[in-house]
Amino acid sequence: MKDKQIMEMEMEIEFEESSGNIFADLGLEDAEELYKKAQIRFHIFTAIEEKKLPEIEIAQLLGITQAEVIEIMNGHFSCFTIEELLEFHKKLQIENPSVNL
């Protein structure tokens with residue numbers, strides 16, 4: 001009986017294919033900017049992880065506070081402009097990014 005209920009539930013699941021921009025899919029008005037920031041932030045996060053430097057050294061390299069480094073690493077990048085994120089990107093010497101701006 002339970003298997004039949006599970007199968008019926010599975011058949012009722014509806015889904016919608018993503019546009020490729022989760023922020024647009026959620027209907028946010030600044031979706032394009034948020035998507036670009038997320039792309040850049042991903043490259044920054046990856047570069048910071050690969051460098052394996054202490055947060056204080058990353059902060060000095062980027063010219064921001066240690067608390068701001070923590071914000072970036074936790075995915076909170078809304079306080080930075082795209083230009084600032086691109087500058088961090090440059091300072092981290094990230095080569096050949098796949099950021100579509």
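For this structure, a couple of remarks:
- The stretch 78-89 - phi-based ³J(HN,Hα) in whole Hz, Karplus 6.51/-1.76/1.60, Gly and Pro as x: 5, 7, 10, 7, 4, 4, 5, 4, 5, 5, 4, 4
- Rg/Rg_globular for the stretch 2-91, with Rg_globular taken as 2.2 N^0.38 Å and Rg from C-alpha atoms: 1.55
- Dipole magnitude of the stretch 2-91 about its Cα centre (Cβ charges: Lys, Arg +1; Asp, Glu -1), debye to nearest 20: 580 debye
- The value of relative contact order for the stretch 2-91, using C-alpha pairs under 8 Å at least six residues apart, is 26 percent.
- Each of ILE48, ILE22, LEU85 was scored by the projection of its Cα onto the charge dipole of the stretch 2-91, and the greatest displacement toward the positive side belongs to ILE48; charges sit on the C-beta of Lys, Arg, Asp and Glu.
Computed from the coordinates by the stated procedures, all read-outs in this text should not be read as laboratory data. If you're wondering where the values come from, they're calculated on a predicted model, not measured in any experiment. When we count neighbours, we look across all protein chains shown, and the Cβ atoms used for this are built from the backbone with ideal geometry, even at glycine.
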